[in-house]
Amino acid sequence: MSRHPITKWAQRSDKVFLTIELPDARDVKLNLKPDGHFIFSAKGPADDTPYELDLELFDAVNVEESKAAVAPRTICYLVKKAESKWWPRLLKKEGKPPVFLKVDWDKWQDEDDEDIGLGDFGDMDFSKLGMGGPDDDLDDDDDDEDTADSANKDEDIKAEGSGEQEAAGEAKP
């Protein structure tokens, strides 16, 4: 019996990112059809356990412009949508998605964010925002040290003063 690898997904208006988490996968086979039918199969690294996915994506895709990359820890598939529009879900079938299918929050972007370009900071200069930085932290640390040093000096003076009185008191017969 085959197993299902953890699969993460995220989308933009024109593409879907699929990331299959299967370290050291062997005999990887990927098949994407224009109607959105995606098939994956591979063998696990240790005991030749078969892994499979058979997904009916929400809508049609452009197979020629879609790209796959097999890396040592993951298999990534950038699926180009046939129409540039947001899908309400990844799969054609409504209802709860399978347990092995998860949202890829590292790549996720909301539809509203894409319109205003959120997540792409371009040529923005963060130094002009006046939000502080490493130099501010150094100044605060110096102030704390100065306060601690002056408190230590006060204690040293008191200790020296009381020591003189005792020494003077002991010297008198």
In the structure shown, of K15/K92; K43/K92; K43/K96; K33/K96; K8/K80; K33/K92, the pairs separated by more than 20 angstrom at the C-alpha atoms are K43/K92; K43/K96; K33/K96
Square roots of five times the C-alpha gyration tensor eigenvalues of region 15-83, ordered largest first and given in whole Å, equal 23, 12, 8
Computed ³J(HN,Hα) along region 95-100: with the Karplus parameters 6.51/-1.76/1.60, θ = phi - 60°, integer Hz and x for glycine or proline, the list is x, 5, x, x, 5, 7
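On average, how much accessible surface per residue is there in region 56-101, in Å², for a 1.4 Å probe, leaving out ligands, DNA and RNA?
So region 56-101 comes to 64 Å² accessible per residue, rounded to a whole number.
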Rounded to the nearest 10 Å², the 1.4 Å probe accessible area of E65 is 100 Å²
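The values are calculated or read from the model by the stated rules, or taken from the named source; none is laboratory data. Source: prediction; values computed, not measured. The protein model used for the area step is the full one, side chains on, heavy atoms only, and it has no ligands, DNA or RNA in it. Shrake-Rupley method; radii C 1.70, N 1.55, O 1.52, S 1.80 Å.
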